[in-house]
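Throughout, read-outs are computed from the coordinates displayed, never taken from laboratory work. All figures in this text were calculated on a predicted structure; none of them were measured in a lab. Don't worry about glycine lacking a Cβ; one is built from the backbone with ideal geometry, like all the others, and counts go over all protein chains shown.
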Amino acid sequence: MKRLLAIFALSLALTVSATPGHAEGNAATGKDTYISRCWSCHSVEKGGPDKIGPNLYGLFGATAGKRAASYASRHSAELKKSDIVWSEETLDKWLAGPEKFVPGTKMPFVGFPKKTDRDDVIAYLKSVTQ
């Protein structure tokens, strides 16, 4: 019985450690997805302009609705009150459906239903916004 429990514990540990995270996304594919779905509203380069949406440079680790001072008057009150800190996990939830994650947000985007698309875009954003 002890041996069976040990084997179970080991297999569980290996399964959990082998589960891919957001960092497993493909940045090159994410760039293509970003260009086709995000670029018209967001820039990513340091000092880049705000467009319909804010520039995303410096996104990771920043607080939602408070990071881009140049864009502050256009963020929804709901986003400003959310106190979300942008990370791979919070960005994944946001990209799955902004309105579901923060009801009342002003971002007119239905989201990426495919997890692989979100992981790829997150990998791309991590590669260009830090």
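Sparse packing (at most 15 other Cβ atoms within 10 Å of the Cβ) combined with a DSSP loop state is found for the following GluC sites (Glu not before Pro) in the stretch 38-130: 45. For residue 106, a cut-off of 17 angstrom between C-alpha atoms picks up these aspartates and glutamates, skipping any fewer than 8 places away in its own chain: 50, 78, 83.
The chymotrypsin sites (Phe, Trp or Tyr not before Pro) of the stretch 56-123 meeting both criteria, a DSSP state outside H, G, I, E and B (loop) and at most 15 other C-beta atoms within 10 angstrom of the site's C-beta, are 109.
In the stretch 24-130, which trypsin sites (Lys or Arg not before Pro) fall in coil by DSSP and have 11 or fewer other Cβ atoms within 10 Å?
46, 114
Straight-line reach from residue 126: taking Cα to Cα under 22 Å and skipping same-chain neighbours fewer than 8 places apart, the lysines in range are 31, 46, 51, 66, 93, 114, 115.
Alpha-carbon geometry of the stretch 23-128: the Rg and the Dmax are 12.6, 35 Å, given in that order.
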